[in-house]
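Peer 1: Before anything else, here's the structure in question.
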Amino acid sequence: MIRYAYYPGCALQTVARDYDTSLRAVSRLLGFELVVLEGWNCCGAMSLPTANYLLSLALPARNLALVEEIGLPLVVACGTCLNTLRRSRHACNQRPEWRSRVQAALHRAGRTYRGEVEIGHALEVLAGPLALAKLRRQVRHPLKGLRVAVYYGCQLSGPGVQGLTPSSYLEELMTGSGAELVNISQKARCCGNNLVSTRPDEALPLVQEILNEAMTKGAQYLAVACPMCRHNLLAAQKCTAGCTPIPLRIAYFSELLAEALGVT
Amino acid sequence: MATAHYFPKTGMAMAEHDFPKLVASLAGGASLAACCQCGACSAVCPVAGPRDTVRQVIQGVRSGLRSWVLKSELPRVCTVCGYCTTVCPQGIEVSEVIYALKRVVLSSRPAGTSLFRDCFTHLAAALLPEAIQEQGLAMVLDREPLALLAFGPMALAMLGDGRTELPGENRKALVEVQRLYQAAMEMEAP
Ligand code: SF4
Ligand code: SF4
């Protein structure tokens with residue numbers, strides 16, 4: 001078993017419990033132990049920089065300090081958490097003046113952060129070459145005939161510093177589970193983030209375009225890797241409910257993997 | 001003609017020379033001077049549409065056009081997708097600049113609205129069922145607003161149902177977050 005510190009984040013503890021459960025089960029089967037980070041705090045999401053810039057770097061850095069204390073690489077499952085934690089690390093590593101201010105703030109809370117933590121998304125771990133080989137070997141109920149489109153959203157496909165480097169993690173995991181891949185051109189498009197709550201009239205049509213493309217191309221499932229994306233895609237779907245004969249199912253990639261691996 | 005496009009339609013707006021400095025410092029020291037007005041950021045922005053573009057807003061900030069910039073829709077609708085930062089050939093962290101503008105927009109709203117509350121209401125809306133949002137949020141803000149910072153929307157489940165005490169591990173995290181908050185309030189630039 002390879003051990004990782006696991007930062008679940010608020011969403012996986014509230015609306016995205018299915019993501020949390022399936023991710024842990026699948027990770028275990030593929031040889032990874034996710035050790036929940038004890039005493040973690042909210043990453044502040046994309047809301048905090050608007051209220052206080054220093055705090056928006058220091059609050060995630062406290063989590064990074066906790067990770068350093070246990071000396072494991074960190075894995076997260078939410079696009080927003082990934083971005084926020086990497087943003088904090090980036091600012092601390094690239095800008096000495098912010099680093100010293102973050103450290104001064106952390107010091108008051110009795111923590112130190114050295115800037116050494118590796119921060120990865122669960123996709124990067126589970127779609128590594130060895131894990132993929134293991135997945136292919138262990139599939140018990142191949143997702144044969146299931147037409148799956150994948151969706152990364154902006155945070156998981158965006159800037160190299162903060163998002164994932166361009167990749168095909170989701171594609172490989174889905175084909176590895178035996179699913180038939182449906183290519184959509186909008187897989188890296190932004191899901192609208194909190195604009196879906198604040199300006200639904202503007203944001204929802206953009207999200208609906210993503211769903212429409214997937215459906216037009218005949219996808220039955222849309223595999224996602226971020227709770228915010230799923231929330232917004234579902235919201236957009238609700239608006240068109242009734243108009244589409246066979247609704248597209250929007251699932252976390254780990255739920256599909258769990259099915260293929262026979263996790264009950 | 002070409003240069004006319006470089007400048008937002010300003011009407012009688014007055015330039016405020018401290019404004020670019022304020023924004024740059026709120027954006028963690030972004031170097032707005034480096035912007036070459038190429039428009040790459042506007043081209044990838046998912047919310048650009050018919051409104052003011054990212055490039056124009058950057059130029060507006062640089063020119064000190066505070067009231068024009070604050071009236072612009074962009075800071076309000078920006079989803080912080082980060083595409084603009086990815087493509088900027090000058091290495092400007094454009095989305096950090098928009099964060100700074102979001103902050104100026106929010107704090108220029110009428111007194112009495114809590115910056116904090118505004119920030120977290122949307123997050124709570126995305127993560128929690130409607131029924132417990134309003135009442136729970138009010139209760140948490142009333143009893144221990146920093147629990148929102150420490151535990152995000154989970155704070156509503158922890159404190160919003162009238163339960164009195166946080167479990168030990170959470171209490172410890174909350175105390176540390178309170179100290180972080182205090183430190184940040186003392187150190188944060190304007
Ligand atoms: S991409 Fe960068 S340099 Fe080009 S207009 Fe936008 S901020 Fe300026
Ligand atoms: S971060 Fe904001 S301004 Fe930049 S591209 Fe995304 S929506 Fe547009």
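Peer 1: Considering only protein heavy atoms, what is the solvent-accessible area of residue B:14 at a probe of 1.4 Å, reported in Å² to the nearest 10?
Peer 2: Per-residue accessible area (residue B:14): approximately 140 Å².
Peer 1: Rounded to whole Hz and in sequence order, give me ³J(HN,Hα) for region B:141-148 from the Karplus expression 6.51 cos²θ - 1.76 cosθ + 1.60, θ = phi - 60°, writing x for Gly and Pro.
Peer 2: Per-residue couplings from phi come out as 4, 6, 8, 7, x, 6, 5, 5 Hz.
Peer 1: If you find the alpha carbon centre of region A:194-264 and of region B:12-77, how far apart are they in angstrom?
Peer 2: 33
Peer 1: For chain A, divide the Cα radius of gyration by the Kirkwood radius and give the resulting Rg/Rh value with two decimals. Present the calculation step by step, with values, prior to reporting the outcome.
Peer 2: Working: Rg = 18.7 Å, Rh = 19.0 Å.
In chain A, Rg relative to Rh is 0.98.
Peer 1: Provide B:17, A:141 ordered by accessible surface of protein heavy atoms (probe 1.4 Å), highest first.
Peer 2: Details: B:17 150, A:141 105 Å².
Result, largest first: B:17, A:141.
Peer 1: Can I ask one more? In whole angstrom, and with the biggest value first, how far do the Cα coordinates of the protein assembly as shown range along each principal axis?
Peer 2: 68, 56, 41
Peer 1: For residue A:168 and residue A:104, what is the calculated FRET efficiency with R₀ set at 30 Å and r taken between the beta-carbons, to the nearest 0.05? Please report the intermediate quantities before stating the final value.
Peer 2: Working: r = 42 Å, r/R0 = 1.39.
For residue A:168 and residue A:104, the calculated efficiency is 0.10.
Peer 1: Moving to a separate point now. Leaving out ligands, DNA and RNA but keeping every protein chain, what accessible area does residue A:18 have, in Å² rounded to the nearest 10, with a 1.4 Å probe?
Peer 2: Roll a 1.4 Å probe over it and residue A:18 shows about 100 Å².
Peer 1: Shifting gears a bit: How much accessible surface does residue B:62 have with a 1.4 Å probe, in Å² rounded to 10?
Peer 2: Here the accessible area works out near 70 Å².
Peer 1: If r is the Cβ-Cβ distance from residue B:36 to residue A:264 and R0 is 41 Å, what FRET efficiency results, to the nearest 0.05? Mind showing how you got there, number by number?
Peer 2: Details: r = 57 Å, r/R0 = 1.40.
E(calc), rounded to 0.05, equals 0.10.
Peer 1: Given only helices, namely DSSP H runs of n ≥ 4 each adding -39500 (n - 2.57), what is the per-residue ellipticity at 222 nm of chain A, to the nearest 500 deg cm²/dmol?
Peer 2: Numbers: 13 runs with 136 residues, N = 264.
About -15500 deg cm²/dmol.
Peer 1: Among the lysines, which have Cα under 21 Å from the Cα of residue A:238 when same-chain residues fewer than 8 positions away are ignored?
Peer 2: A:187, A:217
Peer 1: Roughly how many nanometres apart are two label points built 7 Å out from the Cα toward the Cβ at residue A:183 and residue B:43?
Peer 2: In this crude label model, residue A:183 to residue B:43 measures out at 2.3 nm.
Peer 1: Below 24 Å, Cα to Cα, which lysines can residue B:102 reach? Residues fewer than 8 away in the same chain don't count.
Peer 2: Hits, sequence-local ones excluded: B:9, B:21, B:71.
Peer 1: Take each uninterrupted DSSP H stretch in chain A, measure its Cα extent along the helix axis, and return the ones at 15 Å or beyond whose mean Kyte-Doolittle hydropathy is at least -0.5. Numbers along the way, then the final one.
Peer 2: Values: long enough: A:17-29 (18 Å, -0.81); A:53-70 (27 Å, 1.01); A:79-94 (22 Å, -0.96); A:96-108 (18 Å, -1.18); A:200-216 (23 Å, 0.04); A:227-240 (20 Å, -0.20).
Both cut-offs are met by A:53-70, A:200-216, A:227-240.
Peer 1: What does the structure give for A:38-45 when I average, per residue, the other chain Cβ atoms found within 10 Å of the residue Cβ?
Peer 2: Numbers: counts 3, 5, 4, 10, 13, 1, 5, 9.
For this peptide, the per-residue mean of nearby foreign Cβ atoms is 6.
The values are calculated or read from the model by the stated rules, or taken from the named source; none is laboratory data. Everything numeric here is computed off the predicted structure, so don't read it as measured data. Neighbour counts run over all protein chains shown; Cβ positions are idealised from the backbone, glycine included. Calculation scope for accessible area: heavy atoms of the full protein, side chains included, ligands and nucleic acids excluded. Shrake-Rupley method; radii C 1.70, N 1.55, O 1.52, S 1.80 Å.
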